[in-house]
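Chemist: Sharing a structure here in C-alpha cells format.
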Amino acid sequence: MKREASRAISFVVNGAERTYKGPAFKRLIDVLREDFGLTGTKEGCGEGECGACTVLLDGKPAASCLVPVSQVHGRKVETVESLARGESLNPLQRSFLEEAAAQCGICTPGILLTAWSWVKAGGSADPEAVRKHLSGNLCRCTGYQSIVDAVVKTVKKRRAA
Ligand code: FES
Ligand code: FES
C-alpha cells in the first residue's frame, strides 16, 4: 500500500503538465476536484450512467467517475475549465447561454465537453446525429431540445465563418 501511495502520476490537464501523488485508484474526478481544484467537473450518479462527470481524455468523452487516475498517466485531460479564455466564452458556451440550454447546471460541464468533441471533430448539424452523440449525457432540467439547438447553432456558425 505504501508503494502505491507514493507513486507519481503525471498527465496534461488543460494544456499544463500536472503531477499527482497518492493512491493510484483514486477516481479521476476526485483528483481533478480535490487535488487540482478543478471543481467544474460535476458528479451525478457516480456510476458511469449520467455523464455529468464527463471530461475529454485524449480528446474523447470519458466518465471521470469511472477512471482510476493511474489510467491517465501520460495522457491528456480536458475539463470544462479549458473552454473559456478568461471572461471570453467559447462559441459553444455562448450558444448554450443564448439558447437557455442550462438550468441547474449540474449536467452542463459534461454536456459541453461531449458536445465540444463533436463540434471540434467537424460533426454534422443534423439534430438527430447530435442527439445520438449526446445520448450518454442526461439532463433532468431543460429537456434536450435547447441543448441540441445550441450545438446545432454552433456547428452552423463555425461552418459559416
Ligand atoms: S457521475 Fe460519472 S457518469 Fe454519472
Ligand atoms: S441543467 Fe440541471 S440537470 Fe441539466
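A short reminder: the numbers here are calculations on the coordinates, not readings from a lab. Here the structure is a predicted model, which is why all the values come from computation and not from measurement. Because the Cβ atoms are built from the backbone with ideal geometry, glycine has one as well, and the counts that use them run over all protein chains shown.
Chemist: Mind pulling the per residue volume of the convex hull built on the Cα atoms of the stretch 51-117? Å³ is fine.
Modeler: Spread over its residues, the Cα hull of the stretch 51-117 gives 87 Å³ apiece.
Chemist: Residue by residue, what Karplus-based ³J(HN,Hα) values in Hz, rounded to whole numbers, does the stretch 11-17 have, using 6.51, -1.76 and 1.60 with θ = phi - 60° and x for Gly and Pro?
Modeler: 7, 9, 10, 6, x, 10, 5
Chemist: Taking every pair of alpha-carbon atoms in the chain, what share in percent sits in each 5 Å bin, from 0 to the bin with the longest distance?
Modeler: In order of increasing distance, the bins hold 2, 9, 19, 22, 19, 13, 9, 5, 2, 1, 0, 0 percent.
Chemist: Oh, and also: Where Rh denotes the Kirkwood radius from the mean inverse Cα pair distance, what is Rg over Rh for the stretch 2-82?
Modeler: Working: Rg = 11.6 Å, Rh = 12.4 Å.
Over the Cα atoms of the stretch 2-82, Rg/Rh equals 0.94.
Chemist: If you don't mind, another one. Once the other residues with Cβ under 10 Å from the Cβ of Arg33 are scored (Lys, Arg +1; Asp, Glu -1), what is the net sum?
Modeler: Every neighbour counted, the sum reads -2.
Chemist: Might you report the magnitude of the Cβ-based charge dipole of the stretch 92-161 about its Cα centre, with Lys and Arg at +1 and Asp and Glu at -1, to the nearest 20 debye?
Modeler: That gives a dipole near 220 debye.
Chemist: Take peptides 107-116, 142-151, 83-92, 125-134 and line them up by average Cβ neighbours within 10 Å, highest first, as a rough protection proxy.
Modeler: Numbers: 107-116: 25.6, 142-151: 19.6, 83-92: 12.9, 125-134: 15.6.
Peptide ranking by packing, descending: 107-116, 142-151, 125-134, 83-92.
Chemist: Across 5 Å bins from 0, what is the distribution of all Cα-Cα pair distances for the stretch 91-160, in whole percents?
Modeler: 3, 20, 35, 28, 11, 3, 0
Chemist: Using amide H atoms built in the peptide plane, which far-off residues or other-chain residues are under 5 Å from Leu38 H to H?
Modeler: So Leu38 has HN proximity to Arg33.
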